[in-house]
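As structure tokens, the structure follows; a few thoughts come after it.
The values are calculated or read from the model by the stated rules, or taken from the named source; none is laboratory data. Given the structure is predicted, the values throughout are model-derived calculations rather than measurements. Cβ: placed from backbone, ideal geometry, glycine included. Neighbour counts: every protein chain shown.
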Amino acid sequence: MKFRTQVKKLEAPGKWTVFLALVLGSSFVNRVVPSSPIEGTLQYEIGCPIPWLNVYSSQSGEWSVLNLLFNGNEGIWINPLALLAYVLLALLLGILVQWVFNRFWPRSPREESPKIEKQGFWHVIGELCRFLKTPGWIAAAAGWVLGLCFISQVVPPQNAFGHYQYLIGNWMTIYAEEPGRNALDLLFNGNAGISLNPIYFFTNYFLPGLAIGGLVQYLANWLQKRKREKIVGKALPTA
């Protein structure tokens, strides 16, 4: 509970520290292992100081994570526990930086300047995210998780590489050399490459999850309002 309270106290310096720690820590190859489970490839360990992502590639001398992820590789493996520890370490670093900042450079009390209301599409998305509370975010997260668990189509090999194409929705394509694998097994236990469509990811995966969360939150708020009305109605004296 105390850690959660500290996370909520994160302001600009702490949030920027968390963001930079997550991005910079995963922007460079941490170590290259010559031997790997895939024959004839190198194992690139990514994540500093905690390696949480392994990328297998037949190309040597690669030190760019973006190049390894998006310009072809022989497989990707994610360590969920190491990823969790990596995120927690970044949060702890952000909390420490924010504490030091508050300790030595306390903010002077002043009135907040009025913010100009943003209009348009992004304003609607921001209002939806603020509208969502616990039930809505749980429903949105459940929708996003379920969206990763099912394969919509499997395309047999169509070239000399012999890779099956597993389609998750129409925004992610996972390549594998053997048929009959499920989506979670492909994502976390090795594959022959992943391709993402950023536009379809946003419109066909992320936004529908937010919409489901908004609908659930609206229903939860309506039920809570009805419950309060009944309690008030019972408390009123009868003539």
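In region 146-179, of all residues being among the small types (Gly, Ala, Ser) and either closer than 21 Å to Trp77 by Cβ or surrounded by 14 or more Cβ atoms within 10 Å (Cβ to Cβ) (or both), the one that is modelled with the lowest pLDDT corresponds to Gly162.
Step by step: first the residues of region 52-68, then only those that are surrounded by fewer than 19 Cβ atoms within 10 Å (Cβ to Cβ) and not small (Gly, Ala, Ser), then the one that is modelled with the highest pLDDT. Which residue is that? Talk me through it step by step, then tell me what you get.
So in region 52-68, the residues surrounded by fewer than 19 Cβ atoms within 10 Å (Cβ to Cβ) come out as 58-67.
Adding the requirement that they be not small (Gly, Ala, Ser) leaves 59, 62-63, 65-67.
On the way: Gln59: 75, Glu62: 70, Trp63: 73, Val65: 82, Leu66: 77, Asn67: 77.
Looking at the filtered set, the residue picked out is Val65.
The condition (being assigned by TED's automatic domain parsing to the domain that holds Gly147 and free of Cβ contacts under 8 Å to residues at least 12 places away in the same chain) is satisfied by just one residue among Asn221, Asn189, Asn182: Asn221. Residues in region 162-181 that are in a loop (DSSP other than H, G, I, E, B) and either touching a helix residue (DSSP H, G or I) at 6+ places or on another chain (Cβ under 8 Å) or within 20 Å of Asn67 (Cα to Cα) (or both): Gly169, Asn170, Trp171.
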